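Encoded as structure tokens, the structure appears first; notes follow it.
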């Protein structure tokens, strides 16, 4: 494809000649043709009911009307063939084109560079297939070479002749398939139905099953302006219309008063669809009526005015037609998506629209389901399995098979886990269970303690979450912090000779002893308080270590932050456990390795989650982290080299406040991930913007623009609410409204819904006043934490 024309058509309807080139054309008005390329097609050729296929006689570039006339480019209907820029080459024509590209392109490019001349890859190439352009082409660089290589073949023009809708026209409620099926019955001399530019066409049902009426007028016609006040029909003054159609005033109006206008003109006939279309083209002036058949039909018919029509519309039937049409349209789009690739379409939304037509929805859904396995196999290297299962689940639910849909839903999340593990483990020897089971490392009787900070995220969250991060770039700006002077998250792991199993304890006083290590397998129960540690044991591969048969493990974990804080506690705790286990087996405990392992741990746990939490806790200070999809998934952590002055100002102006409300991140996460798998366009654009804001926020902090960071936080909060309307609530809204006079930005950390809030005050005094107001408030039961940036690992 070339050029600046955006065509919309069904490529499956193209009829392309063998051993030739072909250019797709479309009839257009002369004013549009004057600004584009025009194809002059031969009068001879295949002139089918649905299309025409003719040799190209000439090519014109942005021609004047005189040039169109002289070049015989104006058709019988007063239009010219617009060059869409879509070119096909088949058979021997394609072989010659490939041969030219393979054997001569390097020589031709070198010659152009040496001669400092230019060649139009489009205009010159096409001219080689059109003999009338050869003399012109010979005067251009390498023109003789193009003619020698391609000139023995010809170019055809393919033009669809079914329905032509003019520029800036509006069509509502017309069944195009029915229209196409009656083409042969239209008695016009035209081979197709044409709606002129800047026109409206709509079809309405009448009460008492009295039929349907096709209504048409110009886009800018005002139906209430009378003839005497320069009223128009189809963009032309009424007097000109009546004279051209040879219609009398009395044919349209009962009287000659000053109120005669389009609104009360008995203009629109009630007749069969082919007759209405034929008469309509005559009334709109898009076709002639030399034998008077259209005029005769119109005069003999029952006709209604817009005024009468307004009182006679069957609105119930109109709504039914609209719903049916929307359902049919959705079904056809869904079929095209399944046939040609559905990576970018929201099949869930299409299913909802298909349900508007209950009788055929089940049949369509079953047909689409039959296409899923074939499509998945065909695009196995491109289309993620999780996406295939999500489409199947949506189709099953639309068809009413809820039990099977639930089974497929489990496969959706299992596929995301598998895809994440594959992206992390690919080429990563350090995460291979086989390598863990070898005797390369020695399990020494020893003890390791890992303490980590929590993280607060300024912007970019969700772009780090699989499957987004496995398929699209991500970027997050976050910061590691201490709370009340302490590193709040940690794990202690030690080997012991007292037992041969694994003893796990947490800071809530709960514990479990597991003597059968083979019993530690996923999936885990959602209410299992030790699934995080168990998942870490699986992912690190320590359970397969040969020396574990002679020693046991004691593991104790703690997180001195409120539950549901939104500070990334779960992932950071997983990072502490994984890092400690790697230290025990003397494996690679680098932050990058640990962060990638935690990404798999969370998928094995069944909670999902991205990479930003463990990155936020493992790497000190403020950092902007970018991820790049592929196998392996690549993470690039860019520490912010902030001045001591910037850090101090940020610590003084930024309030870290616990709202007192608990939120469960995985419930929000599942909703957002499901929307992504369904390719929700609003959700995708929102996450893209969040990732862009992370980069902008990094630049702002590097320049010391803390106020700009506040604006970025507020925009991020608005985007989070678009992603999940339930990430806020009445208390949070009231809290932020209370803080707004003091702040230049605020947001909840993490996925939202509760937990901690960040409030960036306008200045130091505002920060003090806001803190005092919150601590003294009788309305808000919140806690303002003392914090500082964790600058060291």
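Residue count for the stretch 121-143 under the criterion of being under 22 Å from residue 55 (Cβ atoms) and either without any contact (Cβ under 8 Å) to a residue 40 or more places away in the chain or not assigned by TED's automatic domain parsing to the domain that holds residue 153 (or both): the result is 10.
Selection of the stretch 721-752 for residues being buried (at least 18 other Cβ atoms within 10 Å of the Cβ) and outside any helix (DSSP H, G or I) yields 724, 728, 743, 744, 745, 746, 747, 748, 749, 750, 751, 752.
Output yes when any residue across the stretch 199-207 is in the same structural domain as residue 32 (by TED's automatic domain parsing), touching a strand residue (DSSP E or B) at 6+ places or on another chain (Cβ under 6 Å) and at pLDDT 85 or above, and no when none is. No, the conditions are met nowhere in the stretch 199-207. Summed over the stretch 472-487, the residues that are surrounded by fewer than 24 Cβ atoms within 10 Å (Cβ to Cβ) and more than 16 Å from residue 636 (Cα to Cα) give a count of 6.
Put simply, of 565, 570 the only residue that is part of a helix (DSSP H, G or I) and over 29 Å from the mean Cα position of the chain (by Cα) is 570.
Exactly one residue out of 695, 671 is farther than 29 Å from residue 766 by Cα and either assigned to a helix (DSSP H, G or I) or free of Cβ contacts under 8 Å to residues at least 60 places away in the same chain (or both), and it is 671.
Residue-wise test of (1) modelled with pLDDT of 85 or more; (2) in the same structural domain as residue 580 (by TED's automatic domain parsing); (3) in contact with a strand residue (DSSP E or B) (Cβ under 9 Å, 6 or more places away or on another chain).
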site: 531; (1), (2), (3): yes, yes, no
site: 541; (1), (2), (3): yes, yes, no
site: 545; (1), (2), (3): no, yes, no
site: 552; (1), (2), (3): yes, yes, yes
site: 557; (1), (2), (3): yes, yes, yes
site: 561; (1), (2), (3): yes, yes, yes
site: 564; (1), (2), (3): no, yes, no
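The set of residues from the stretch 278-293 being under 17 Å from residue 265 (Cβ atoms) and either assigned to a helix (DSSP H, G or I) or at pLDDT 90 or above (or both) comprises 279, 280, 282, 283, 284. Residue check: is residue 75 modelled with pLDDT of 80 or more, surrounded by fewer than 16 Cβ atoms within 10 Å (Cβ to Cβ), assigned to a helix (DSSP H, G or I) and out of contact with any helix residue (DSSP H, G or I) (no Cβ under 7 Å at 6 or more places or on another chain)? No.
Restricted to the stretch 463-527, the set of strands (runs of 3 or more DSSP E) holding at least 3 residues that are in the same structural domain as residue 566 (by TED's automatic domain parsing) and touching a residue at least 60 places away in the same chain (Cβ under 8 Å) comprises 474-483, 489-496. If you go through the stretch 207-229 and keep only what is part of a strand (DSSP E or B) and surrounded by fewer than 18 Cβ atoms within 10 Å (Cβ to Cβ), you end up with just 226. Quick check on the stretch 753-770. Is at least one of its residues without any contact (Cβ under 8 Å) to a residue 12 or more places away in the chain, surrounded by fewer than 16 Cβ atoms within 10 Å (Cβ to Cβ) and over 26 Å from residue 468 (Cα atoms)? The answer is yes; a qualifying residue exists.
The values are calculated or read from the model by the stated rules, or taken from the named source; none is laboratory data. The model shown is predicted, which means the values in this text are computed figures rather than measured ones. Virtual Cβ from ideal backbone geometry, glycine too; neighbours counted across all protein chains shown.
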